[in-house]
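Remarks on the structure that follows.
Values in this text are rule-based calculations from the coordinates and carry no lab data. What you see is a predicted model; the values in this text were computed from it and never measured. Backbone-built Cβ (ideal geometry, glycine too); neighbour counts: all protein chains shown.
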């Protein structure tokens, strides 16, 4: 099995496990995350995996790509696209929920942004995803705004926008 096949299978399994549960992020197989987005993240080495006994327990992407509508947000810091990173596709399989893996991945994302001399780390959360909101706010991300974003899996709906300011990089 290739890395792509393993990552795709992880997300498909996670989506199945979230079906009918509270706070479902509305992800749909092969729409979000899209196969081309997974391949690109693997090829560009921006996909990060949390492994437990050779099984993927968690995954995320950190890069400098974002929805074009991020430009509409009144961010605390007005930054050029090369001055911030974005967390995407953060997912912990329900089998490993509550074990701290999401916190470890977010901590790694913050460290990666710091090492790359970024001024901020940004992300969006589907409104109503209370576990994600609690995680990010508990790790120092600041809620900035709620805006409507369009994604293939959700359509145009409200997302909460968050920013983590990188100290010493401003």
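Would you mind ranking 164, 70, 108 so that the residue whose beta carbon has the fewest other beta carbons within 10 Å leads the list? Let's see the in-between values first.
On the way: 164 22, 70 18, 108 14.
Final ranking by Cβ density, sparse to dense: 108, 70, 164.
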Quick one: helix 3-18 against the long Cα principal axis of the chain, what's the angle to the nearest 10°, folded into 0 to 90? 90 degrees
Hey, what did the stretch 3-165 get for relative contact order, percent, Cα under 8 Å, at least 6 apart? 22 percent
Quick one: check the C-alpha center-to-center distance for the stretch 97-165 versus the stretch 1-58, whole angstrom. 17 Å
Suppose the chain between residue 71 and residue 17 were pulled fully straight at 0.36 nm per residue; how much longer would it get relative to their current alpha carbon spacing? 16.1 nm
Of 87, 42, 62, which is the most mobile in a GNM of the chain whose springs link Cα atoms less than 10 angstrom apart? 42
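Based on the Kirkwood radius over alpha-carbon pairs, what value in µm²/s does the Stokes-Einstein equation return for the translational diffusion coefficient of the stretch 1-79 at 4 °C and 1.567 mPa s? Display every interim value, and only then the final one.
Details: Rh = 14.3 Å.
Reported coefficient: 90 µm²/s.
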At R0 = 25 Å, how high is the FRET efficiency between residue 49 and residue 156 if r is their beta carbon distance? Nearest 0.05 is fine. 0.20
Does anyone have the angle between helix 101-115 and the longest principal axis of the chain? Alpha-carbon axes, 0 to 90°, nearest 10? 40 degrees
According to the Cα gyration tensor, what semi-axes, each the square root of 5 times an eigenvalue, does the equivalent ellipsoid of the chain have, listed from largest to smallest in whole Å? 24, 18, 16
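Would you compute, from DSSP H runs of 4+ residues alone, the mean residue ellipticity of the chain at 222 nm, taking -39500 (n - 2.57) per run and dividing by the full residue count, rounded to the nearest 500?
-9000 deg cm²/dmol, from helical runs alone.
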